[in-house]
Every structure is written in structure tokens, then in C-alpha cells.
1. Select, from Arg178, Arg141, Arg148, the only residue that is surrounded by fewer than 16 Cβ atoms within 10 Å (Cβ to Cβ) and assigned to a helix (DSSP H, G or I).
2. Within region 98-139, how many residues are of a type outside the set (A, V, I, L, M, F, W, C), in contact with a strand residue (DSSP E or B) (Cβ under 8 Å, 6 or more places away or on another chain) and away from ligand 1 (no atom under 16 Å from the Cβ)?
3. Can you find a residue that is polar (S, T, N, Q) and either at pLDDT below 95 or under 15 Å from the mean Cα position of the chain (by Cα) (or both) anywhere in region 69-91?
4. Going through Ala95, Ala104 one at a time, which residue ends up being among the small types (Gly, Ala, Ser) and either more than 16 Å from ligand 2 (Cβ to nearest atom) or part of a loop (DSSP other than H, G, I, E, B) (or both)?
5. Can you find a residue that is buried (at least 20 other Cβ atoms within 10 Å of the Cβ), away from ligand 1 (no atom under 13 Å from the Cβ) and under 20 Å from Arg271 (Cα atoms) anywhere in region 63-81?
6. Anything in region 55-92 that is under 21 Å from Gly22 (Cα atoms), in contact (Cβ under 8 Å) with a residue 12 or more places away in the chain, away from ligand 2 (no atom under 16 Å from the Cβ) and in a loop (DSSP other than H, G, I, E, B)? List them, or say none.
7. Look at region 41-53 and say how many of its residues are away from ligand 2 (no atom under 16 Å from the Cβ), aliphatic (A, V, I, L, M) and under 19 Å from Glu94 (Cβ atoms).
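The values are calculated or read from the model by the stated rules, or taken from the named source; none is laboratory data. Remember, predicted model here, so these are calculated numbers, not experimental data. Here Cβ is always computed from backbone atoms with ideal geometry, including for glycine, and neighbour counts include all displayed protein chains.
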Amino acid sequence: MLRKAVGGKGLVDYHLHTRRCGHATGAVADFARAAEEKGLLEIGFADHIPQYFLPEDRRDPGLAMPEEELSAYVAEVLETAAGFKDLEIKLGIEADYVPGREQALEAILGRYPFDYVLGSVHYLDGWGFDNPAEIAGYAGRDVDALYREYFQLIQQLAASGLFDVVAHPDLLKKFGCRPRGDILPLYEETVRVIAASGMAVEVNTAGLRQPVGEIYPAPLFLELCHRYGVPVTLGSDAHRPDDVGRDFEQAVTLLRRVGYREVAVFERRRRRYRPLR
Ligand SMILES: [Zn+2]
Ligand SMILES: [Zn+2]
């Protein structure tokens, strides 16, 4: 008998975006129903935090929800969570790390009962390097210098103590900008800082749907995480209900090969573990 494709049965998806962010489709409940159908045990919403790091007139409603919608987002997640019995639903947020704006971020995070906070770097000095509309920005840049700049920010993010998880740790490769030469020292330096911070890293399958065609982070980076005892979370980065748990079979295969046997989950910013099935 043919088995139905199961995206994430028995697993956890901690990186879901809803229509509130302006570039995704589906409400919280639509994602929850999709997760239930696919047999996930637990999901977490991590919509993009309002662009607190930009002046109000430069914020883009197509990239993140406006600040006045944040409390409605929180309420929608909490209300939906109360209505699902066999699926645990957590309240997360994906927050950009922007040097110098730590206090503003801390103030927003303190206002809501988040279970976890994903920390992301989507900008290098104001350049949205993962935004298809800004892809021309790669022209003429030195790849090694970009990698140093990006991973130094990831290290600062980890050292800030504001986040629980490093989201898509090597997002810089999204459009195919892969590291050249010996990347090991930079990766190792970064993983040591993450390990010292007590954070987890996210294994994110969205890279498979992008030009790079590879899970975030690269296997070498994940091997270092395992060696230094860094826990992992699992996320699809779904921007539509169909993508919940997408390609998790590949993520689990990678994780098991590297040596992971459990994934981290969070409740009110305290970490627990679930076995990797
Ligand atoms: Zn998004
Ligand atoms: Zn992101």
C-alpha cells in the first residue's frame, strides 16, 4: 500500500509565518490544521517582528507586521493554541538583530509572553541581502569579506543574550553566494560563541526551496554545533500552510547523520527536549 507523504510526523516545526507579515498566506489556525493533518506534535509561530530598527516612515508592511498589530498576533496565537488539544502551539517571534538597537528590542520582547525568540540577521549595514528585490547588491562584493561581516553579526547576536535560537545560521548563501576557501576557522569561532551563549541553532529547510538548494546551516557548520554541544531546533520557515513540515525527512536524515538524537523546544523561554523520531 502506498504511504501518504508525511511532512514532519512526530516532529516539531518552530518557524512559521502568517499573513500578518505581508508576504505570507494563511492565518494561525490554517497552519495549525495543516500541522495536525501532517501529524506534527508541536508547532511554533515566529512571525517577523515589527521593524523596530527603522524610522516609522521607512518600515515596509510587505516585510513585517506594523507595530500596532503585534498584540493581535500574540492574541491570535494564544487563542488558537487553546483550541487544539493534540497539537502544542507555541508563541515565538523572529527578531532581527541590529547592533545598537538592543534596548529597543528588549523592550518589545518584554511586553509579551513569548515562548522563544528566533534571532536573525537579514541586513548587512542596511542591505537586505536575503530580499530578492535587493539581489543586485551582491555585484562587486568580496565574498570572503561578506562572510566575515555576516558571521561577526551572528556572533554579536549570540553574545547579546536577547535570543533563544540562531535562525537560518548561514542565510547569506540563499542566492548561491557560498563561502570560498577555508571557511572552517570562521565557522568554528562562531559556533564557540553560540555554544558559550547557551543558545540553540535552527535547522531550517527553506534553503532547499531557494537557489542554493541546501538546508541552513551547511553540514560542516552543523557538525561543529554538535561537537560543541549546541542544541538544535527544527523549522520549515513556511510562509503558507502547505509548507508546514516541508522536507523534514531530509533535515532528520542530516541531523541523525551528524549525531543529533533530540530537538529543543521552549516554553516561556525555558528549554526542554523532544526525541528526534
Ligand atoms: Zn518572511
Ligand atoms: Zn528569516
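1. Values: Arg178 fails: assigned to a helix (DSSP H, G or I); Arg141 fails: assigned to a helix (DSSP H, G or I).
Result: Arg148 is the single residue among Arg178, Arg141, Arg148 that is surrounded by fewer than 16 Cβ atoms within 10 Å (Cβ to Cβ) and assigned to a helix (DSSP H, G or I).
2. The initial filter retains those residues of region 98-139 that are of a type outside the set (A, V, I, L, M, F, W, C), namely 99-103, 106, 110-113, 115-116, 119-120, 122-123, 125-126, 128, 130-132, 134, 137-138.
Subsequent filtering for residues that are in contact with a strand residue (DSSP E or B) (Cβ under 8 Å, 6 or more places away or on another chain) retains 112-113, 115-116, 119-120, 122-123, 134, 137.
Those left that are additionally away from ligand 1 (no atom under 16 Å from the Cβ): 112-113, 115-116, 137.
Here the count works out to 5.
3. First pass over region 69-91, keeping only residues polar (S, T, N, Q): 71, 80.
In the following step, the residues that additionally are either at pLDDT below 95 or under 15 Å from the mean Cα position of the chain (by Cα) (or both) were identified as none.
Checked region 69-91: no residue is polar (S, T, N, Q) and either at pLDDT below 95 or under 15 Å from the mean Cα position of the chain (by Cα) (or both).
4. Among Ala95, Ala104, only Ala104 is among the small types (Gly, Ala, Ser) and either more than 16 Å from ligand 2 (Cβ to nearest atom) or part of a loop (DSSP other than H, G, I, E, B) (or both).
5. yes
6. Pro61, Pro66
7. Keep residues of region 41-53 that are away from ligand 2 (no atom under 16 Å from the Cβ), which gives 41-43.
Adding the requirement that they be aliphatic (A, V, I, L, M) leaves 41, 43.
When the remaining residues are screened for being under 19 Å from Glu94 (Cβ atoms), the result is 43.
Total meeting the criteria: 1.
Matching residues to (1) in contact with a His (Cβ under 9 Å, 6 or more places away or on another chain); (2) within 16 Å of ligand 2 (Cβ to nearest atom); (3) within 25 Å of Gly26 (Cα to Cα):
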residue: Ala206; (1), (2), (3): yes, yes, yes
residue: Asp243; (1), (2), (3): no, yes, yes
residue: Arg272; (1), (2), (3): no, no, no
residue: Pro275; (1), (2), (3): no, no, no
